[in-house]
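The structure under discussion appears below in the form of structure tokens.
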Amino acid sequence: MDLGVCYYPEHWPETRWAEDAALMRETGLTRVRIGEFAWSRIEPEPGRFDWGLLDRAVEALHEAGLGIIMGTPTATPPKWLVDRMPDMVAIDREGRPRGFGSRRHYCFSHEGYRDEAARITREVATRYGNHPGVVSWQTDNEYGCHDTVQSFSPAALDAFRQWLAARYGNIASLNEAWGNVFWSMEYRSFDEIELPNLTVTEANPAHWLAFRRFSSDQVIAFNRAQVDILRELSPGRDITHNAMGFYTGYDHHDLAADIDVLGWDSYPLGFLEMFRFTEEEKRIYARQGHPDIAAFHHDLYRGCAKGGRWSVLEQQPGPVNWAHYNPAPLPGMVKLWTLEAFAHGAEMVSYFRWRQFPQAQEQMHAGLLRPDGKPAPALGEARECADELGKIASEAGSRKEVALVFSYDSEWITQIQPQGQGRSALWAAFSCYSALRKLGLDVDIVPPTAELDGYALVVIPCLPIVDEALAERLGKFAGQIVIGPRTGSRTRDFALPDNLAPGLLEELVGGKVVLSESLSERMTIEGDGWTGGGWLDRYEGKAEPEFVGRNGEVACWRHGNARLLAVWPEGELLQLAIERASSEAGLDAAPLPEGIRRRTRGNLRFEFDYLNAEVSWQALS
């Protein structure tokens, strides 16, 4: 695994570049990521290019023996471009323009900006596409960051109408698919359709789902245009992009199909503080991050990536600047995060950033060096990682034990129509993943299209749309299956299936769900050593009750090799159901001590102690 760093030579005196590059190599870094925010220096005036700074930076880094990951600078179009095309900015859900002054100020659907993005990509690729120091490319930066996938602009409206016409063919088909007879919402032509924001009350959920799919497709098309240029002008080099944590604004499976290596940006402390972890978890793991945050995304993006090729393009090395509170990592955590990525199969871990910048929005975001250029604590840990990786002799690959099925439109559906506060498909997946990891199991997070051969256990936390191919594979699957609420509960166009949930899985679970309730925290189901809640499905069929509350409510049903959870997949009930299914699947699963996680890579088993920030590994017999 390569170690790298994100570097911005335009931020520092040129006299410092060679010193920085030499220190990077001395630390054991072999990759350096540059250029993704440099458009204003590359093209300070329309059509006038100044390549001097970037040329010299590329030479300095290359001469030091560093492989360069060159970014296309399209995440930060310069002011002169926005002034020329003021309608290129996105419009938010409330109808307000998202203007210049930070970053990501563009609409994916704006044809003029698409042309400009392709133009600057072609210029950069022509300049550096065959330079021996450029070993790979990164497109743009963090698609969707700051909630920028959805735009409610005139350009998006025009593109959405064209997308709908191509998808449905005629307006009668759309009206039928969306159920527009309800509330007299029928359209006479595609030109009558508006975007789903700014309605009096909620818009048709089928309308929203179509818009979510359209918005995702716009991201993919925008990215593909750059990929095509880079493949033409810089053949033989990998292309990557940096996805984000707990972000589902577009379908990462679709993005990954067009690139070679899917990267993601790992900020475990910021994610712990900003997302839905308990106050107790935030207290215990304030300087480590929850033990499953990084691993969940490693396995999610590995499952999205073409050929399973993935990396960490930004690894947190110290305090960040964007969470509610921004503590420093516990000593040893940067090393633990790095080696954990290796254990999950990463091709590279790149630290963000090389040196803390003393100005602008990220002046409080730590790097491997302090603002004064002196080493920050993480620099030594990066050097330790380079030394350790040089000593580890590991085969590639991991064992097939558990397949956890997740799709992005599942999360879109639960966002559009949650039916209960916080009932999220993404977080159901995270809860199931964490329950499996607490048993020491290796988990592959896979799309609904994945083959299931070789797995002992399949877990489907929340998958509202189940197609015939998946239903057939599950029907033939010989191992154990755990199915969560809402699975099979919707058609492709957001309608209830004629035979009710779980739709095409009715035979697998021996019956159907005839009523669904979402339960508040006040309405828990208590059993022998467990509690459940958040949701309650009323089931009718041949399955046998497995977990029954003291009030007689059934929290989990069992039919053949399938378990159907009637409550939301979280907490003690989920852990018990996962433990039973793992045992019956023949897996070597046992509860691990608090804060301990394991992962197998080839012939090695790694153990990560999150409480004490320690890593160990041993060869498997």
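Normalised by 2.2 N^0.38 Å, where N counts its residues, the alpha-carbon radius of gyration of segment 48-195 equals 1.40. This model, with +1 at the C-beta of Lys and Arg and -1 at the C-beta of Asp and Glu, gives the chain a dipole about its Cα centre of some 560 debye. Full extension of the chain between Asp50 and Glu94 gives 11.9 nm of extra length, using 0.36 nm per residue less the Cα-Cα distance. Protection proxy ranking for 23-30, 467-474, 423-430, using the average of other Cβ atoms within 10 Å per residue and placing the highest first: 423-430, 23-30, 467-474. Rounded to the nearest whole Hz, the Karplus-based 3J(HN,Hα) values (6.51 cos²θ - 1.76 cosθ + 1.60, θ = phi - 60°) of segment 195-204 follow the sequence 6, x, 8, 6, 7, 4, 10, 4, 6, 3, with x at glycine and proline.
Placing a pseudo-label 7 Å from each Cα along the Cα-to-Cβ vector at Ala360 and Asp498 gives an inter-label distance of 5.8 nm. Close amide H partners of Asn130, meaning residues 5 or more places away or on another chain with modelled amide H under 5 Å apart, do not exist here. Converting phi to 3J(HN,Hα) with the Karplus coefficients 6.51, -1.76 and 1.60 and the offset θ = phi - 60°, segment 184-189 yields 6, 8, 5, 10, 9, 7 Hz in sequence order, with x at every glycine or proline. Adding -39500 (n - 2.57) for every DSSP H run of four residues or longer, then dividing by how many residues the chain holds, sets the calculated 222 nm ellipticity at -10000 deg cm²/dmol. In this structure, the amide hydrogen of Asp238, modeled 1.01 Å from its nitrogen in the peptide plane, lies closer than 5 angstrom to those of Trp137, counting only residues at least 5 positions away or on a different chain. Considering only DSSP beta bridges with both partners in segment 402-594, what is the antiparallel share in %, to the nearest 5? So the antiparallel bridges amount to about 55 percent of the total. On the beta carbon distance between Gln419 and Ala328, with R0 = 41 Å, the FRET formula returns roughly 0.55.
Counting only DSSP beta bridges with both residues in the chain, the antiparallel share comes to about 40 percent. Comparing Cα centroids, segment 538-560 and segment 139-169 end up 43 angstrom apart.
Structure note, pairs Lys335/Lys391; Lys400/Lys476; Lys512/Lys542; Lys306/Lys438; Lys282/Lys438; Lys306/Lys400: Cα-Cα distances above 20 angstrom occur for Lys306/Lys438. Residues whose amide H comes within less than 5 Å of that of Gly71, counting only those at least five positions distant or on another chain, are Ile34, Gly35, Glu36, Gln138 (H built at 1.01 Å from N in the peptide plane). Of the residues Met274, Gln150, Ser136, the one whose Cα sits farthest toward the positive end of the charge dipole of the chain, with +1 on the Cβ of Lys and Arg and -1 on the Cβ of Asp and Glu, is Ser136.
Kirkwood analysis of segment 303-357, using all unique Cα-Cα pairs, places the hydrodynamic radius at 12.6 Å.
Highest mean packing first, where packing is the average number of other Cβ atoms within 10 Å per residue, the peptides 43-49, 490-496, 553-559 line up as 553-559, 490-496, 43-49. Shown in residue order for segment 342-354 are the 3J(HN,Hα) couplings computed by the Karplus curve 6.51 cos²θ - 1.76 cosθ + 1.60 at θ = phi - 60°: 4, 4, 8, x, 5, 8, 7, 10, 10, 7, 10, 9, 5 Hz (x for Gly and Pro). Think of the chain as having a plus end and a minus end, set by charges on the Cβ of Lys, Arg, Asp and Glu; of Gly65, Phe608, Ile413, Gly65 sits farthest toward the positive end of this dipole. The alpha carbon centroids of segment 1-76 and segment 314-357 are separated by 20 Å.
Between the residues Val219, Ala393, Ala75, the greatest Cα displacement towards the positive end of the dipole of the chain, with unit charges on the Cβ of Lys, Arg, Asp and Glu, is found for Ala393. Sorting the segments 388-396, 66-74 by their residues' average number of neighbouring beta-carbon atoms within 10 angstrom, most packed first, yields 66-74, 388-396. In this rough spin-label picture, where each label sits 7 Å from Cα along the Cβ direction, the Arg538-Glu584 distance is 2.6 nm. For volume of the Cα convex hull per residue in Å³, which listed value, (1) 155; (2) 397; (3) 353, comes from the coordinates shown? Step by step, volume of the Cα convex hull per residue in Å³ for this structure corresponds to label (1). Taken about its Cα centre, segment 402-594 carries a charge dipole of about 240 debye when Lys and Arg each add +1 at the Cβ and Asp and Glu each add -1 at the Cβ.
Each reported figure results from applying straightforward, stated rules to the coordinates on display, with no laboratory input. Quantities reported herein were computed from a predicted structural model and do not represent experimental measurements. Cβ atoms come from the backbone with ideal geometry, glycine included; neighbour counts cover every protein chain shown.
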